[in-house]
Amino acid sequence: MGTRKASKGSASGGKDGDRRVGRRALLIGTALAAVGTAVVARDELGRVWWRVPGVRKPRKEGEVDFASAKWVAASDANWRMADRPDDYGIDMVVIHVTQGGYDSAVKVFRDPKHGAAAHYIVRKDGRVTQMIRELDVAYHAGNRAYNERSVGIEHEGFVERPEDFTDEMYEASAGLTARICARYDIPVDRKHIIGHVEVPGTDHTDPGEGWDWDRYMKLVRAAAKESTAA
C-alpha cells in the first residue's frame, strides 16, 4: 500500500477498471454460440473466455503458489480472474509496504470496499500469506498494465520506519521473489523487481528510502542460485 505523494483520491492500487465483460468479449461469445464453426484467433480467445458470464477456470480452494505460504482469500472485488501467464505474461515483481500492521492489511484486502489487494503479505517474523493466486490480476499497482504483468508483495510496516524491515522479512521476501522470478523466467534485476513508487502514474512512495535495495537484491540473487542448485 504505502504512503501517497499527493492525495489523488484512489485507494492503494485502485480498482483495475476491467471487471465487467467488455462488448468485444460478449460479441465473441455470441458469435461462438451462434456459429459453432466460427474461427477466432487463439490469443484473443485466451484473453476473453474467462470473462464471459458463468465461465470460471477450475480452482482448488486454499491452494497456494508458494509452498510455505498461508492462504487467506482477499475479497473478489479486489482482484480480477485471469489465466496468467497464458493470457497476460508476468515479467515483474512489485514491492509494497503496508503502512500498518499485518492484521490491518489482511482486513482491508478482505474488504470489498477497499478496491485493492496484493498477491502476498510478508510479516515482520518472515511468515508469508497469499491472498490472491498468481494467475489472477491483483489490483495493487495503480496501473492496469502493471497489474496485469506483475505479482505484488506487501511487507508489514511503515515506510518511515526502516527498523520494521527485519532480517526475517528480507530473507523470506527474497525467497518468495526468487521463486516467482524462476517460475516466469523474470530477470533478477531492478528493471523487473521494482518498488510501488516506480510504477508509472502511482501516487505512492513505498517501499521508501529505508528499504535496502542492495541488500534485498543480493538476497534474491542468492536465493535464486540456491533454487537452481537444488
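Bear in mind that the values in this text are calculations on the coordinates, not laboratory data. What you see is a predicted model, and the numbers here were worked out from it, not measured in a lab. Because the Cβ atoms are built from the backbone with ideal geometry, glycine has one as well, and the counts that use them run over all protein chains shown.
Potential lengthening of the chain between THR228 and ARG59 amounts to 58.0 nm, from the contour at 0.36 nm per residue minus the alpha-carbon distance. Spin-label model, ARG221 to ALA182: label points 7 Å out along the Cα-to-beta-carbon direction sit 1.8 nm apart. Equivalent-ellipsoid semi-axes for the stretch 67-119 (Cα gyration tensor, √(5λ), whole Å, largest first): 21, 14, 12. Using the Karplus relation 6.51 cos²θ - 1.76 cosθ + 1.60 with θ = phi - 60°, the per-residue 3J(HN,Hα) values for the stretch 119-129 come to 5, 9, 10, 10, 7, 4, 7, x, 6, 10, 10 Hz, with x marking Gly and Pro.
Peptides 215-228, 135-148, 186-199 ranked from most to least packed by the mean count of surrounding Cβ atoms within 10 Å: 135-148, 186-199, 215-228. The alpha carbons of the stretch 113-208 stretch over 32, 30, 27 Å along the principal axes, in descending order.
FRET efficiency for the SER68 to LYS113 pair, using the beta carbon distance and R₀ = 41 Å, is estimated at 0.85. Once the mean of 1/r is taken over each pair of separate Cα atoms and inverted, the stretch 162-230 shows a Kirkwood hydrodynamic radius of 12.7 Å.
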